[in-house]
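See structure below.
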Amino acid sequence: MDKNTSVDDRPEPVSRRKFATCAAAAAAGWVLTACGPRRLHDVPRDRLRQLVRDMEREYSARYGTTVAVSDAGPLPGVLFGYALDISRCIGCRRCVYACVEENNLTRDPQIHWIRVLQMDKEHGVDFTHADPYYDPEQVPQEGHFYVPVSCQQCRDAPCTKVCPTGATWTEQDGIVVIDYDWCIGCRCCMAACPYGARHFNWRTPSVPPAEVNPSMHYLGNRPRPRGVVEKCTFCIQRVRAGRYPACVEVCPVGARKFGNLLDPDSEIRYIIEHKRVMVLKEELNTMPKFFYFYG
Amino acid sequence: MCKRHVVALVCALLPAASVAGCGQAPPGGSTQPDLAAAIHSTEPKRTPVPLRVEVPPPPFSEGVFPCSDCHAEPDLPPNRTRRTLVDAHDDIVLKHDETQRWCLDCHDADNRDRLHLAGGDPVPFDESYRLCGQCHGEKYRDWRAGVHGRRKGYWNGAKEYLLCVHCHNPHEPRFKALAPKPAPLRPVRSAQ
């Protein structure tokens with residue numbers, strides 16, 4: 001090699017042309033990003049309204065009915081909590097199917113947001129002795145009790161922490177939601193959830209048009225595409241309108257209770273103050289807002 | 001200020017207050033409620049619930065109410081003797097502390113269209129929760145708070161209650177077993 005050739009390690013001075021090109025490209029990129037798709041998490045209010053109208057048009061055409069997609073935000077001073085009386089639940093699974101109908105869950109392939117676990121009285125609440133596939137003639141069965149499990153709406157939710165795209169987060173009113181447009185289907189959240197509450201659409205979900213619930217919410221029961229994760233949202237389309245979740249109203253034994261944890265007059269506060277209350281897998285410190293109690 | 005401080009403050013002021021109030025205060029003095037008020041002032045305020053609760057009409061069997069249609073005084077005078085019914089209502093199986101009670105412990109013999117409390121006060125059928133609550137006080141309290149039993153409506157507004165008898169047959173109150181809805185499908189593994 002020629003010894004006279006020395007390596008010039010000084011940075012090459014940026015030409016005026018190069019600088020202008022780069023600046024223009026950066027500006028164009030910024031403009032494109034700002035105008036392009038955004039997470040529903042941080043989309044501005046008027047843009048959200050427009051997105052929701054687009055959804056309404058699309059779903060109305062798809063199902064042949066008038067679909068209303070709500071964009072209701074969290075109510076101030078509200079933190080939702082849920083309580084389930086294990087001493088009352090008889091394991092009839094009415095809640096499971098009310099949830100399927102209310103939240104437009106896929107019928108085939110089947111997804112259930114609520115899983116009712118049959119447990120032995122002998123072993124207590126013990127997931128190693130839990131059977132979700134029990135199918136006797138009549139329930140409750142002697143020597144068993146029932147623990148329905150769905151999303152526990154953790155205050156320190158492991159699922160939202162692992163999402164690489166920020167497609168799942170906790171709303172101000174405590175509901176953990178998913179943006180189905182930003183979910184890339186990596187299923188990290190499913191691995192992180194200690195309650196098995198998240199479900200993946202392995203195949204295209206199917207809901208018969210005649211059975212579609214036309215009252216939807218953009219973060220809840222709107223139709224999901226294939227390849228995204230979904231889960232219980234406390235019936236966000238109902239509770240943000242002041243109603244009880246579908247499972248609460250359908251429960252024939254009145255085992256399910258729901259309310260505002262910040263309201264001292266609410267049923268949920270009465271339960272926490274007067275009953276023996278527990279949460280599932282307390283040792284994991286996920287701090288569920290879904291409580292189980294003995295009434 | 002924490003609750004302990006409030007109590008300490010009230011305790012310190014209590015002798016002075018009772019001396020000052022001596023003579024004027026009626027028996028059972030005004031200091032007692034003050035103390036209670038001070039202690040409870042740190043607790044969250046609860047809205048008092050009215051005694052009467054709006055409920056849907058009781059689930060009578062077809063054509064059975066009003067009872068006075070059949071139980072009219074001249075034709076059918078009340079027979080207060082405890083016995084097994086054979087002429088009518090023989091379809092009712094009492095499995096509700098049946099060794100201790102019978103019909104007229106809850107149904108009123110003088111006014112057939114009413115029930116009565118243990119003390120004899122009449123209770124209309126649409127307030128039967130007061131009668132049930134005499135024995136099942138804990139459940140009654142929970143029901144009033146909306147914690148026992150089904151409730152519909154709005155979590156932040158009007159709620160619809162049900163009577164005890166909408167879910168529990170008063171003559172046989174144990175909740176009946178139900179046929180469960182289908183079990184979830186087991187996950188299928190696609191062919192490798």
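Looking only at the range A:184-199, residues that are out of contact with any Ser or Thr (no Cβ under 7 Å at 6 or more places or on another chain) and either under 26 Å from A:ARG57 (Cα atoms) or hydroxyl-bearing (Ser, Thr, Tyr) (or both) come to 2 in all.
Note on the range A:122-140: residues that are more than 9 Å from every other protein chain (Cβ to nearest Cβ) and either in a loop (DSSP other than H, G, I, E, B) or in contact (Cβ under 8 Å) with a residue 12 or more places away in the chain (or both) amount to 7.
Annotation: A:GLN152 fulfils all but one of (1) surrounded by 13 or more Cβ atoms within 10 Å (Cβ to Cβ); (2) part of a loop (DSSP other than H, G, I, E, B); (3) within 27 Å of the chain's Cα centre (by Cα); (4) within 14 Å of chain B (Cβ to nearest Cβ); the unmet one is (4). Looking only at the range A:253-288, count how many residues are in contact with a Cys (Cβ under 7 Å, 6 or more places away or on another chain), of a type outside the set (Ser, Thr, Tyr) and over 24 Å from A:ILE90 (Cβ atoms). Adding up the residues that qualify gives 1. Selection of the range A:105-121 for residues being more than 10 Å from chain B (Cβ to nearest Cβ), closer than 27 Å to A:PRO214 by Cα and among the basic types (Lys, Arg) yields only A:ARG107. Evaluation of B:GLU62 against the conditions (1) assigned by TED's automatic domain parsing to the domain that holds B:ARG150; (2) part of a loop (DSSP other than H, G, I, E, B); (3) of a type outside the set (Lys, Arg); (4) without any contact (Cβ under 8 Å) to a residue 24 or more places away in the chain shows that the sole unmet condition is (1).
The number of residues in the range A:236-295 that are in a strand (DSSP E or B) and over 24 Å from A:SER215 (Cβ atoms) comes to 7. When A:ARG107, A:ARG49, A:ARG88, A:ARG39 are screened for being touching a residue at least 24 places away in the same chain (Cβ under 8 Å), more than 27 Å from B:VAL188 (Cβ to Cβ) and touching an Asp or Glu at 6+ places or on another chain (Cβ under 9 Å), only A:ARG39 passes. The residue that is nearest to the other protein chains (Cβ to nearest Cβ), counting only those in the range A:90-104 that are touching a helix residue (DSSP H, G or I) at 6+ places or on another chain (Cβ under 9 Å) and in a loop (DSSP other than H, G, I, E, B), is A:ASN103.
The values are calculated or read from the model by the stated rules, or taken from the named source; none is laboratory data. Please read these numbers as outputs of a predicted model, since none were measured by experiment. Here Cβ is always computed from backbone atoms with ideal geometry, including for glycine, and neighbour counts include all displayed protein chains.
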